[in-house]
1. For the range 362-397, enumerate the residues that are open to solvent by less than 20 Å² (accessible area, probe 1.4 Å), modelled with pLDDT of 65 or more and under 15 Å from the mean Cα position of the chain (by Cα).
2. Could you please tell me which pairs satisfy a Cβ distance under 8 Å, a separation of 6+ or placement on different chains, a first residue in the range 487-514 that is among the basic types (Lys, Arg), and a second residue that is modelled with pLDDT of 75 or more?
3. Name the residue that is surrounded by the most Cβ atoms within 10 Å (Cβ to Cβ), counting only residues in the range 164-190 that are within 24 Å of residue 216 (Cα to Cα) and of a type in the set (Ser, Thr, Tyr).
4. Given the condition in a loop (DSSP other than H, G, I, E, B), farther than 27 Å from residue 91 by Cβ and touching a strand residue (DSSP E or B) at 6+ places or on another chain (Cβ under 7 Å), answer yes or no: does some residue in the range 209-226 qualify?
5. Within the range 277-298, how many residues turn out to be surrounded by fewer than 17 Cβ atoms within 10 Å (Cβ to Cβ) and in a strand (DSSP E or B)?
6. Please state which one of 125, 138 is open to solvent by 50 Å² or more (accessible area, probe 1.4 Å), within 20 Å of residue 42 (Cα to Cα) and among the polar types (S, T, N, Q).
7. Quick check: anything in the range 142-157 open to solvent by 60 Å² or more (accessible area, probe 1.4 Å), in contact with a strand residue (DSSP E or B) (Cβ under 9 Å, 6 or more places away or on another chain), part of a helix (DSSP H, G or I) and not basic (Lys, Arg)?
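The values are calculated or read from the model by the stated rules, or taken from the named source; none is laboratory data. Predicted, not measured: the structure shown is a model, and the values here were computed from it. Note that we place each Cβ from the backbone using ideal geometry, even for glycine, and neighbour counts take in every protein chain shown. Accessible surface areas use protein heavy atoms only, side chains included; no ligands, DNA or RNA. Shrake-Rupley method; radii C 1.70, N 1.55, O 1.52, S 1.80 Å.
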Amino acid sequence: MESGNGGASSKGVLVPVSERSDAFQSSILAPLKSAYLYEESRQSFRYKSAVLVKNTALEEKYNAFREKRRKVGYSEEELKESYGFLLFEDINQANALSETGVLTGNSTCTTLGDPSKGVYISMYSDCLDLNRWYHGKSGYIAIIRLSKGRVKQVLENYTQNFTAPTVGFDCHVSEQLPSVSPKTSSFLAFERTQYYMYELLDDGSNVTIQSPSAACPIAIVSFSYTDTKATLEEPQEKSEEKKLIRQYFPWRGQLQIGPQVYDVGLRSTAGALIPAVLPPVVKIERAISMFSLRQLLPRAAFETCFSGEVFLDGLYCSLCELVSSEVEETRSLSLLLQEIKAKDLAPTIQLNDGGFLILLHSTHFLTYDDTGSSVTDVLQGMFVFPNSQVIQRDTKFREKKLAISSEILHVLPVLSYAEGEVEKTPIDPSEELCEVLAQHMQNYASLINPGLASSPTREVSIFPDQYDVPDAHKHLYSSPEWTNKAWQSFRSYLSKPESFQLPLSKASEILAAGQEERMEDFDDDVYICLSSPEGPPAEPVGTESDQLTGQTSPVNSETPADTCKTNMTFLQS
């Protein structure tokens, strides 16, 4: 961070606001609801406790900025006040704004400028994160009063040569901002609807102030998100059937960590199947850091919705949920869950038949609406085997459920994208549909595969959320709307079905070629991407010293991650 006029000199004060008060309606709800991009947000967001930020020093600095800019010739339009928004997971971090204001380095976003020299603030109150909203999401939103001053549109920059603050301006916005609409994915909408605000010192040194005066926090409110689609009532028979599947416990027993014992059960969402026979008491003696585990397991294991057995890069994986069998055990198991999350660990149990049972916090997975779990923070049990554990009891009447290969999962997003592009424009009858699809796939590959090891850090998948694997998978099996265009396509298929066939190997080659092409262009200055490139993984958690503390007994950490890696030899194949 650059030096300069830092946070406020006086301590901020947080004033609670009743939900029934006029202040809550005018200062909290009005700014939030007037800044929605998506119409469904009006039914999905619920706002609860709120506080007003009272900090005389921040307010005086904000007003002084406006007066100073007015004296140097800024128009009333340039000084027009608006609102911006920031998302926080932790209440203490949110409340800290009352003392410091919005500080540089508050975001990992780098597309509009160096985050160490300015602040990123969202202009929409429902586009606050790269990840899309999911049912049960909660957190805290800070409402920021803004005077954007002179705004410059800049090209989104995905290189490490960050766009510098522009002398004579106070704010950068994306050139792609006019293209954002309610149909834009939340991933792209977040990146393209950011204010990048900065304040340069007047000495001509191009040094920026740590807390720009033009952004003044005025309130903080807690919220919860409810997916209205997920809460629609289902037919009674289907709902009861779904409930029976969720409540099936293929195993009940005890989980032992040192002297601590938990009465637990494995709750399956895939019916009366369990990949391994577990003993009455399962002892946990080892843990592995999530960094090391992500190097061992396929990436798709953390990004694919599955409950039954799936085949991912040579491994057979299945997922279930570990819950307390007794009501009084719920709190202690929650403490264990918190420790696993805080230490970023995954306790591992080596099974007698060559596999592993790995306990994971639910936040280690990309979360979707239809994961089958009714709560946000749960303890997941992942079975990992080198061979399939599905038993075919009666080959005459029972077919073995085919596992979805990682190669198919890999090409589903590009297929979904290409189909969507084909739907936008009519196809020339003289063109082969498979050739048109292949061209769109090539465009997709060149956009999302920069292949840069030094790309800016991103915390989510490189796929925009409308091309996420689960959504693409559902798209393949959804019922299309019957239109004249669909009828023409159907007639084309009947007359020339080979035009609708594209080998899986061809799609894989296109994706690989796109990555190689981008690797050759490594020295280019600007990369225009459909979504942001991914960065390198975070630093590993040191498993030699990691322990589960609190009311739980520590996992035996004498066996480090390297030893776990040695034991899990088949995971390296």
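1. Result: 362, 364.
2. 506/438
3. Applying the filter and picking the extreme gives 174.
4. Looking through the range 209-226, none of the residues is in a loop (DSSP other than H, G, I, E, B), farther than 27 Å from residue 91 by Cβ and touching a strand residue (DSSP E or B) at 6+ places or on another chain (Cβ under 7 Å).
5. 2
6. Exactly one residue qualifies, and that residue is 138.
7. no
This table checks each residue for (1) modelled with pLDDT of 95 or more; (2) of a type outside the set (S, T, N, Q); (3) more than 22 Å from residue 198 (Cβ to Cβ).
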| position | (1), (2), (3) |
| --- | --- |
| 20 | no, yes, yes |
| 23 | no, yes, yes |
| 41 | no, no, yes |
| 44 | no, no, yes |
| 48 | no, yes, yes |
| 54 | no, yes, yes |
| 83 | yes, yes, no |
| 86 | yes, yes, no |
| 89 | no, yes, yes |
